[in-house]
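Here is the structure we will look at, set down as structure tokens.
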Amino acid sequence: MGKKITFSPPDITKEEINEVVKVLESGWITSGPKVAQFEEEMKKYCNANYAVALGSATAGMELILKVFDIKEGDEVITTPYTYTATANIIVHRGIKPTFVDVEKDSFIIDIEKIEKAITPKTKAIITVDIAGVPVDYDKVKAILKKLGREDIILIADSAHSYGASYKGQKVGAQYDFHVFSFHAVKNLTTAEGGGITYNDNNFHGKEDLLRELKITSLQGQSKDAFSKMKAGAWQYDILTDGFKCNMTDLQAAIGVVQMKRYEGMLEHRRKIFEVYTNALKEKEWAIVPVAKNEMMETSYHLYTLRIKGFEEENRNAVIQTLAEKDIATNVHFIPLPMFTLYKNLGYKIEDYPNAYNQYKNEITLPVYSTLSLEDADYLVKELIKAVESNM
Ligand SMILES: Cc1ncc(COP(=O)(O)O)c(C=O)c1O
């Protein structure tokens with residue numbers, strides 16, 4: 001038996017622990033000064049004008065749909081090649097998502113096909129930066145411009161792409177909104193958490209979008225708990241039927257330290273990618289993920305390997321062989337039309353052949369900042385053996 005390799009444990013040091021303890025001792029543990037600090041750091045890192053920290057990326061995306069009153073009768077376009085969160089939030093708003101298949105041989109939504117899916121009812125488009133690879137944002141924007149439909153709200157599900165770059169700039173200020181996840185398995189974690197970044201605080205005629213997002217993330221209450229607890233400041237109003245999806249100072253304390261460590265963490269992820277790609281590039285059967293090109297650099301979130309000629313059974317057998325050696329791999333993603341919820345909504349995987357072809361032979365190799373390069377090397381060698389013995 002070799003070493004045990006898990007999929008994506010969090011990278012938490014004494015420094016994060018100390019910061020959390022300080023918050024616990026401070027007398028204020030929910031949203032307050034640490035959240036404000038975390039938002040400042042996020043804003044700076046992403047070169048965006050505004051940032052809102054929240055309980056999750058899911059909440060962030062739904063909050064945007066709510067604030068712009070996107071609801072039953074409207075249409076929202078997205079991809080079936082994503083985690084269910086991206087589409088669930090559309091369903092929550094009473095809308096059946098308009099799925100546009102991914103481009104052939106790509107994990108990313110087919111941008112050309114977005115154009116055909118737009119109707120007069122389209123209110124938003126949510127594209128997904130799968131595995132940390134940014135979508136060609138300018139290309140999507142150019143379609144809306146050409147159609148005279150710049151009223152359509154562009155949301156990047158950037159759950160995976162914190163720290164990725166697009167045309168030389170960090171991801172976070174390209175679309176109308178970027179929504180990041182800081183869930184435990186993400187590159188930068190706050191245990192659970194998410195964040196929205198954007199540039200225009202008067203977007204779509206809003207008087208103060210930041211205030212509206214904040215209020216709507218806290219029950220629609222006109223004052224947050226931190227301001228309300230000041231002596232004499234007991235009065236408040238309820239302005240809308242808001243959600244309850246604020247980030248706590250405990251979470252933000254972890255995030256502030258992770259932010260400080262993040263460039264180093266990213267650099268280690270880059271090296272893991274290199275170990276995998278160096279071992280796999282000579283293999284005729286390996287379709288390795290592109291980490292960097294003239295347009296983008298990934299955030300190195302997931303190593304999405306595909307194996308030429310494999311069907312689901314071969315891929316599953318490789319995962320099983322590795323699991324028996326205590327090596328965890330994964331699949332990103334099972335296309336949404338393959339799940340019961342979406343089947344019941346009337347979707348069929350046959351209508352998304354490119355998504356299925358990406359899925360059937362995909363194996364995600366673990367990438368995380370506490371995975372040593374020696375372990376990455378051991379893992380990829382075991383993977384090669386497992387693939388070649390299942391051919
Ligand atoms: C592509 C994608 N979008 C959204 C989410 C939701 O993120 P969160 O768990 O922070 O709500 C995830 C989480 O795994 C994801 O992978």
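The values are calculated or read from the model by the stated rules, or taken from the named source; none is laboratory data. What you see is a predicted model; the values in this text were computed from it and never measured. Cβ coordinates were reconstructed from backbone atoms using ideal geometry, including for glycine residues, and neighbour counts include every protein chain displayed. The accessibility values were calculated without ligands, DNA or RNA, using every heavy atom of the protein model including side chains. Shrake-Rupley method; radii C 1.70, N 1.55, O 1.52, S 1.80 Å.
Working from the Cα coordinates of the chain, the gyration tensor eigenvalues give, after taking √(5λ), semi-axes of 35, 27, 18 Å in decreasing order. Carbon-plus-sulfur accessible fraction, the chain (probe radius 1.4 Å, protein heavy atoms only): 52%. Looking only at region 149-181, which residues have a backbone nitrogen under 15 Å from a spot 7 Å from the Cα of VAL290 in the C-beta direction? Once the point is set 7 Å along Cα→Cβ of VAL290, 165-168 turn out to lie under 15 Å by backbone N, inside region 149-181. In this structure, the pairs whose alpha-carbon distance is over 23 Å, taken from LYS96/LYS145; LYS139/LYS167; LYS66/LYS139, are LYS96/LYS145; LYS66/LYS139. Residue separation of LYS223 and ASN47 scaled by 0.36 nm, minus their Cα-Cα distance, works out to 60.6 nm of gained length. Summing +1 for each Lys or Arg and -1 for each Asp or Glu among the other residues whose beta-carbon sits under 11 angstrom from that of VAL52 gives +1. Cross-link reach is defined here as a Cα-Cα straight distance under 20 Å, omitting same-chain residues fewer than 8 places apart; for LYS22 the aspartates and glutamates meeting it are ASP11, GLU39, GLU40, GLU41, GLU192, ASP249. Per-residue ellipticity at 222 nm from helix content only, as computed over the chain with -39500 (n - 2.57) for each DSSP H run of at least four residues, stands at -12000 deg cm²/dmol. Within the straight-line cut-off of under 14 Å between alpha carbons, the aspartates and glutamates reachable from LYS123 are GLU62, ASP69, GLU72, ASP74, GLU75, GLU115, GLU150, ASP151, ASP176, sequence neighbours fewer than 8 places apart in one chain being disregarded.
Over all pairs of different C-alpha atoms, region 233-391 has a mean inverse distance whose reciprocal, the Kirkwood radius, equals 18.6 Å. Rolling a 1.4 Å probe across the protein heavy atoms gives region 51-123 an accessible surface of 36 Å² per residue. If R0 is taken as 35 Å, the Cβ-Cβ distance between LYS308 and ASP138 corresponds to a FRET efficiency of 0.65.
Taking a straight Cα-Cα cut-off under 24 Å and skipping sequence neighbours fewer than 8 places away in the same chain, the lysines within cross-link reach of LYS385 are LYS3, LYS4, LYS271, LYS281, LYS283, LYS308, LYS325, LYS360. Net charge in the neighbourhood of GLY73 (other residues with Cβ under 13 Å of its Cβ; Lys, Arg +1, Asp, Glu -1) is +1.
Expressed as a fraction of 2.2 N^0.38 Å, the C-alpha radius of gyration for region 280-365 is 1.23.
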